[in-house]
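Working notes for the structure below.
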Amino acid sequence: MSAPQPTTEPMRPRRVPPQPTPESQPFWDGCARHELVVQRCSSCERFSFPPTNRCQHCWSDDVVWTPVSGRGEVFTFTVYRRAYAAELADQLPYVVGIVELDEGPRLITNIVGCEPSRVRVGMPVDVVFDDVADGVALHAFRPREE
Amino acid sequence: MYQRSAAIVGAAHSELGEVPGSTGLGLMADAAVAAVADAGLKPSDIDGVVVRGPDDEYAFQQQLGERLGLNAAFSTSLDNGGASQTLAVILASLAIEAGLATTVLCGYGRNSWTRTRQAGSRRARMNQSTHNRAREWRDSFGYFGEPATHALGAQRHMAMYGTTKEHLGHVAISVREHATRNPHAQMQTPLTMEEYLAGRPVTDPFGVYDCSLRTDAAGAVVVTSLDRARDLPHTPVVVRGFGSHNNLQGWTVDDHMVTTAAKQSGERAYRIADVTPADIDTAQLYDCFTYMVLAQIEDYGFCEKGDGGEFIAGGALALDGAIPTNTSGGQLSEGHVEGMLQVVEGVRQLRHEYPEERQVPDARLALVSGHGGNTVCHTTLILERG
Ligand SMILES: [Zn+2]
């Protein structure tokens, strides 16, 4: 997995720790150790997201947290030009994107490490992690350097 | 199959715009009283109530019944977001045809502008999503507000089909043009492309003119049997058909944000009503954002998928255009009442109530849409001049 990015990296919104549920806790535990994990069905071998107790595809209850590649592409994105919270005002502009992982699931995330004006639909990206609190990290994606 | 036996006989909205001190329930009561009066009916005629209130209000139908002294054979509050208001008319029509109720009051009320002004509320609302799930998966990434959800769809549409910011501008400008002839509209000044493009940016590709308004208002309609409707004062507006579709797996799944649930909902509605897109004289579409008009114009088959931008830029939405759309100004320029005013406008156009400058000539069929519930629920009405 990629190394943590310095917190001084620009174009990333202030990010607050999520409030996990018992079902989602393993996902955030994975982020905390800088590993992206998604539930995979032991029966049909397909991935399910968001966290669940049942495979979205075949309804099996045998879903197992599985590390994924962290590779994907930008499915779509939007650049925030307006702050919805005072604390975000000095973070503008920042990019909220939907990344489609090579394994299939699509995640809401931030696109970081490049100017917002350079982000494109279809752009290949890799996961990075941002330690936002003690034992808590959030995923983001940055353009892949080939 | 539905026998086309229900009709809308009353339609009204409350005071609309910035109504200081208003409540959603109070406005809803005002619209309900006006709609029942418009229908030429009395309170005891109402035996069905299907409504929706602000999302944090439980059992809004009970609150309204208490306020207006109504019991009901058939009643519920709906939870399909912006798709609920057209769904209310669908449920009313089905209940009437099935004999479960005879005359159903449908409506929605909100006081969004007033709420925004209440001390502390703005900050609280902006800083945290209402639902636990959104807090977990959105707020942590700075994903706040409804504009972003629709902007994500717009950006994808732009990437796939070459749709431009100017195309979205033509939606805003077209509906504003309609609003200049609506004395109730919140925005009555014409909008130029230059002003549109200079609008305060929100979240790409949206600026302020891509976003619907904050409105205090309610709308209501009364639905009854077509037989009964013929004895009432207004030309009946027949509920000729309807459809719905719900992409419950989510907005970000498959291609839902580019080909929306309007497509399947529209196909069902056309089939049940036995009409085609070419038969529709006016469309009243759920326009929470400019992009949603463009997507629905395509999804409803008024043009091909991907051609919406050029179609609209060519004047399609105007009163003399290919499909006069949101002729009241819609939620972008008249006021945002979660689709309820679209139902009211559809009824008024089919009654030929307006002066020539605002009337769709010889309007016989209107398509009305509702969209919401995390942008995945969609409902369609096809209304016909009786
Ligand atoms: Zn499975």
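The values are calculated or read from the model by the stated rules, or taken from the named source; none is laboratory data. Source: prediction; values computed, not measured. When we count neighbours, we look across all protein chains shown, and the Cβ atoms used for this are built from the backbone with ideal geometry, even at glycine. These accessible areas exclude ligands, DNA and RNA; they are computed on the full protein's heavy atoms, side chains included. Shrake-Rupley method; radii C 1.70, N 1.55, O 1.52, S 1.80 Å.
Structural remarks
- Candidates A:67, A:20, A:93, ranked by Gaussian network fluctuation over chain A, Cα under 10 Å, top entry: A:20
- Gyration tensor (Cα) of chain B, equivalent ellipsoid semi-axes in angstrom: 30, 24, 20
- Cα gyration tensor category, rounded, prolate or oblate, for segment B:249-289 with a/c compared to 1.5: oblate
- Summed over both chains, the contact between B and A buries some 3000 Å² of accessible surface at a probe radius of 1.4 Å.
- Most mobile of B:134, B:366, B:316 in a GNM of chain B (Cα contacts under 10 Å): B:134
- Separation in nanometres of the label points that stand 7 Å from Cα toward Cβ, at residue B:267 and residue B:100: 2.7 nm
- Shape category assigned to chain A from the gyration tensor of Cα positions, a/c cut at 1.5: prolate
- The distance between label points at residue B:135 and residue B:58 comes to 1.8 nm (points 7 Å beyond Cα on the Cα→Cβ vector).
- Spatially proximal lysines relative to residue B:165 (Cα-Cα < 24 Å; intrachain offsets below 8 disregarded): B:263, B:305
- The distance between label points at residue B:118 and residue B:193 comes to 4.3 nm (points 7 Å beyond Cα on the Cα→Cβ vector).
- Counting Cβ atoms of other protein chains within 10 Å of each residue's Cβ and taking the mean over peptide B:159-166 gives 1.
- Stretched out straight at 0.36 nm per residue, the stretch from residue B:352 to residue B:45 would grow longer than its current Cα-Cα span by 107.9 nm.
- Electrostatic dipole magnitude of segment A:1-126 [Cβ: Lys, Arg +1; Asp, Glu -1; Cα centre; debye, to 20]: 400 debye
- Averaged over peptide A:90-100, the number of partner chain Cβ atoms lying within 10 Å of each residue's Cβ comes to 3.
- Using just its DSSP H runs of length 4 or more, each adding -39500 (n - 2.57), chain A gives a mean residue ellipticity at 222 nm of -1500 deg cm²/dmol after division by all residues.
- Sites matching GluC sites (Glu not before Pro) across segment B:273-348 that sit in DSSP coil, with at most 14 neighbouring C-beta atoms within 10 Å: B:304
- The Cys residues in chain A with no partner Cys Cβ within less than 4.7 Å of their Cβ are A:31, A:114.
- Per-residue average of Cβ from other chains inside 10 Å of A:17-24: 3
- Summed side-chain charge close to residue A:75 - residues other than residue A:75 whose Cβ falls under 9 Å, Lys, Arg +1, Asp, Glu -1: 0
- For the protein assembly as shown, the dipole from Cβ point charges (+1 on Lys and Arg, -1 on Asp and Glu) about the Cα centre works out to 580 debye, to the nearest 20.
- Here segment B:1-86 is assigned +1 on the Cβ of each Lys and Arg and -1 on the Cβ of each Asp and Glu. Its dipole about the Cα centre then comes out at about 340 debye.
- Look at the Cα gyration tensor of segment B:248-342: its axes a ≥ b ≥ c give a/c under 1.5, and that counts as rounded.
- Listed residue (B:276, B:26, B:234) projecting farthest to the positive dipole end of the protein assembly as shown, Cβ model: B:26
- Of the residues A:82, A:14, A:71, the one that moves most in a GNM of chain A with alpha-carbon contacts below 10 Å is A:82.
- Listed residues B:193, A:85, B:98: farthest to the positive end of the dipole of the protein assembly as shown (Cβ charges): A:85
- Carbon and sulfur %, accessible surface of segment B:222-328 computed with the full protein complex present, 1.4 Å: 44 percent
- Seen from residue B:382, the other residues with C-beta closer than 13 Å to its C-beta sum to a net charge of +1, counting Lys and Arg as +1 and Asp and Glu as -1.
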